[in-house]
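Q: One structure coming up, written as C-alpha cells, with questions to follow.
Values in this text are rule-based calculations from the coordinates and carry no lab data. In this text the structure is predicted, and so the values were computed from the model without any measurement. Note that we place each Cβ from the backbone using ideal geometry, even for glycine, and neighbour counts take in every protein chain shown.
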Amino acid sequence: MDAIPAVTFDVARIRQDFPILSQTHRGRPLVFLDSGASAQKPRAVIEAMVRCMETAYANVHRGAYRLSELATDSYEAARAATARFLNAADPREIVFTRNSTEAMNLVAHSWGRGVMKPGQAVLISELEHHANIVPWQMLRDDKGNELRVCRVTDSGELDMEDLARKLADGKVGLVAVAHMSNVLGTVTPVERIVALAHAHGAKVLLDGSQAAVHRRVDVQAIGCDFYCFTGHKLYGPTGIGVLWARLEHLDRMPPFLGGGDMISSVTFEKTEWAPVPAKFEAGTPPIIEAVGLHAAIDYVTAIGMTAIETHERALVDHAMGRLSEVPGLTLLGRAQDRGGVFAFALDTAHPHDLATLLDRAGIAVRAGRHCAEPLHARFGLENGTTRASFGLYTTKEEVDLLARAVTEAREFFK
Amino acid sequence: MTPGTGGVHPSGRTTGLFDDLRDLYQEVILDHGRKPRNFRRLEDADATSRGDNPMCGDRIELFLKMTPDGHIADAAFQGRGCAISTASASLMTETVKGKTPEQAKELGAKFRELAMTGACPDCGGDLSDEMERLTPLSGVHEFPSRVKCATLAWHTLNAALDGTKEASSE
C-alpha cells in the first residue's frame, strides 16, 4: 500500500451516524460483531431511501413523465457511482442483482452455460462461501463441467502451488474465488491469481462480498473478469447486489432471466435482447435499493476506503492480540493478509452455547458454519465456530469486551 | 432479573456477566452436556434414526432396543451438538426406558410444549415424574433460536419409532 495518508478516523463520530448503535440490549450497549453477515445502516442511507420514496419515486426506464425520469436518473446515477467505486471502465459493466449470490448464479448460468466450453473446468477453493460453490456444482451436474477445488493451507491461505497445479493442464475455464474469506478473514492474492489464471487461459471471478467492504477495490488494476459484491454488507440496503463484468463478456453472454426491460423487441416468434446491462436486469429493478446503495457508496467514499482499511488493520492487530490471550481459544485463519473476521473455537463451549452467553452480554456474534461447511470440515470443526466480524464502527473497547466475555464464558462451561 | 455484576456462584465459581443464564444452563444441563449418559452405540439395536439440525450442524444418531412385548428396553445415542441438545438427548434416553412407543411419543409431545412455552399444562398425569426430570430444559423457551436444540432428540426419537430413519429440527 503506497502512501497511506495520515487520516483522522473518528470512530466515535462515525458511530453517531448509525442510529441502531445507540440502542441498548438487555440493559447493555449493543456490541454488534456480526457485520460480516450484514452491516448496520448509517442515517445517510436510511434518509436517501426515504427521500427517494417521498419525492422521486416511480418505475424506471419507461415513464414519459417527470417522476419516472427522476427515478431513472437516480437509478442510473447509482450505477455510475458503483462503477466509480470499483474503478470500472464503463458504467454499462455494472449489473444490479438481488445480492452477490444472484450475481454468481448469473455468471454460472449465463457465462457458464452460454460461453464456457463443455469440456472446461471451474476451479474454486476450500475457503469459499456456499454461494461460490453450489452454482458451480449445479453447472457441473447440468453440463458436466468438472469442478476443481484449490486447497487451503493450515494458516488459512490459498495454496498457490495447488492452484498452479490445478491450472496446469489448461482445461480450467474459470477460477472463482473469494477476495476475502468470510470465515478465515484471509485476503487472497487476487493479482497473482489473475496472472496465473490468465496465463493458463482461464477467466477469473472474484467474490468480493467481504473484501469490497474493507478494501479499496480496483477491478482494472486487479485485472479480473467478474467481480461480485452485495449492498447490505456495505452499509447499504438488502435486496441489491452487484455484478461487474468486462463488457466483452457481458456482450457475449445470453440473458439470465427473461421478462420486461431486458428486451428491445418482442414478437411471439422472436425476441431481441436489450443491450447490456439492461439485458441482465429483467423486470422492475431494485430502484429504492439502488438509491440506498449509492448513498452507502458515497458514505464510505467520503470517509475513504483507505482510511477504513487503516482503521481496520489496527483493529485486526488488536483483536489478534486480545483473542490470542483467551485461554482455550483456537483462532481459525492466521493469514499474513487478513481482515476483520474472526472465527474461533473454544475448548469448553459449543459455538451456539457461547453465542447465547455473548448475546446476554449484549454482544451479537454468529455461531455455526457461516455458509462454509467444507471449510469447517477442512479444519475438523464440524461443530462450527463462533464468528466475530467487524465493521467500520467497531471499536477496540468492543474487542476487549468480547475477549473478556469469552474468557468468562469459558469458565461458565468449565 | 438484573444482569450480573460480579460475584460468587453457589458452586464457588466467580461469575459476573452470565449469572442470569443459570436458568437456561442449570447445573443438571451442564452436567449432562459435559458427561452425556447412554452416549454409545447399541450394536444390536432394533430401531435407529438420525437427527440433523442443518442450521447449526448438530447431529445425533439414536439407537433403541425393544423388549419382546414392545417396550423400550434401552436407548442410547451418539453425535455432536451444543450443551442443550446433548443434555436433552441424554435426559431423553434416561426417561424413555421402560416406556411403550406411545408413552414415549406422548412424553415427547409434552416436552416440546414445555420447551416452547416454558409450561406444561397436562404434566400432572402418568408421566409427571419423567416431566419433572425434563423441566431443567424449560428455560429454552426464552431463547427461540435454541428451542430446536432441545427438541432435536425427541424428533429423532419419533423417527426411530415410526421407522422413518431421519429427522430434522429445521
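Q: Could you run the Karplus curve 6.51 cos²θ - 1.76 cosθ + 1.60 with θ = phi - 60° over region A:249-263 and give me ³J(HN,Hα) per residue in whole Hz, x for Gly and Pro?
A: These are the phi-based 3J(HN,Hα) values: 6, 4, 4, 7, 7, x, x, 9, 10, x, x, x, 6, 10, 10 Hz.
Q: How much mean residue ellipticity at 222 nm does chain A get from its helices, if each DSSP H run of length 4 or more adds -39500 (n - 2.57) and you divide by all residues, to the nearest 500 deg cm²/dmol?
A: -11500 deg cm²/dmol
Q: Give the residues of region A:343-365 whose amide nitrogen is closer than 13 Å to a point set 7 Å from the Cα of residue B:80 in the direction of its Cβ.
A: A:345-346, A:350-352
Q: Continuing with this model, one more query. Give the total of Lys-Lys pairs in chain A with Cα-Cα distances below 29 Å; include a pair only if its members are 8 or more places apart or on different chains.
A: Number of lysine pairs found: 21.
Q: Still on this model: Under a point spin-label approximation (7 Å from Cα along Cα-to-Cβ), what is the residue A:24-residue A:55 distance to one decimal in nm?
A: Going from the residue A:24 label point to the residue A:55 one covers 3.6 nm.
Q: Sort A:214, A:350, A:232 by Cβ crowding within 10 Å, fewest neighbours at the top. Don't jump to the answer; show the numbers that get you there.
A: Working: A:214 31, A:350 27, A:232 23.
In increasing order of surrounding Cβ atoms, one gets A:232, A:350, A:214.
Q: Also, quick follow-up: By DSSP, what percent of the beta bridges with both residues in the protein assembly as shown are antiparallel, rounded to the nearest 5?
A: Details: 45 of 67 bridges.
Given both bridge residues lie in the protein assembly as shown, the antiparallel proportion sits at roughly 65 percent.
Q: Also, quick follow-up: Convex hull volume of the Cα atoms in region B:55-170, per residue, in Å³?
A: In region B:55-170, the Cα hull volume divided by residue count equals 89 Å³.
Q: Please report the antiparallel percentage of DSSP beta bridges with both residues in region A:46-302, rounded to the nearest 5. If you can, show how the numbers build up before the last one.
A: Values: 14 of 29 bridges.
Of all bridge pairs located within region A:46-302, approximately 50 percent are antiparallel.
Q: Per-residue mean of other chain beta-carbon atoms within 10 angstrom of the beta-carbon, peptide A:404-414? Numbers along the way, then the final one.
A: Working: counts 2, 3, 0, 0, 7, 4, 0, 6, 11, 6, 3.
The shielding value for this peptide is 4.
Q: Ok, one more. Peptide B:54-67: average number of partner chain Cβ atoms within 10 Å per residue? Show your work: numbers first, answer last.
A: Working: counts 3, 5, 9, 13, 6, 2, 0, 0, 0, 0, 0, 0, 0, 0.
Average neighbour count from other chains, rounded to a whole number: 3.
Q: Still on this model: Can you give the calculated 222 nm mean residue ellipticity of chain B, where each DSSP H run of n ≥ 4 adds -39,500 (n - 2.57) and the sum is split over every residue, rounded to the nearest 500 deg cm²/dmol? Write down the numbers at each step before the final one.
A: Values: 5 runs with 62 residues, N = 170.
Taken over chain B, the calculation gives -11500 deg cm²/dmol.
Q: Inside 10 Å of the C-beta atoms of A:346-356, what's the mean count of C-beta atoms belonging to other chains? Intermediate values should be presented prior to the final figure.
A: Details: counts 0, 0, 2, 3, 12, 3, 14, 14, 2, 4, 12.
Mean shielding by partner chains, rounded to a whole number: 6.
Q: Another one. Between residue A:302 and residue A:347, with labels modelled 7 Å along Cα→Cβ, what's the label distance in nm to one decimal, could you check?
A: The two pseudo-label positions are separated by 4.9 nm.
Q: With only alpha-carbon atoms counted, please give the Rg and Dmax of the protein assembly as shown, in Å.
A: Rg then Dmax for the protein assembly as shown, in Å: 26.7, 82.
Q: Also: Which whole-number percent gives the relative contact order of chain A, counting Cα pairs below 8 Å spaced six or more residues apart? Please report the intermediate quantities before stating the final value.
A: Numbers: 805 pairs, mean separation 92.8, N = 414.
It comes to 22 percent, rounded to a whole number.
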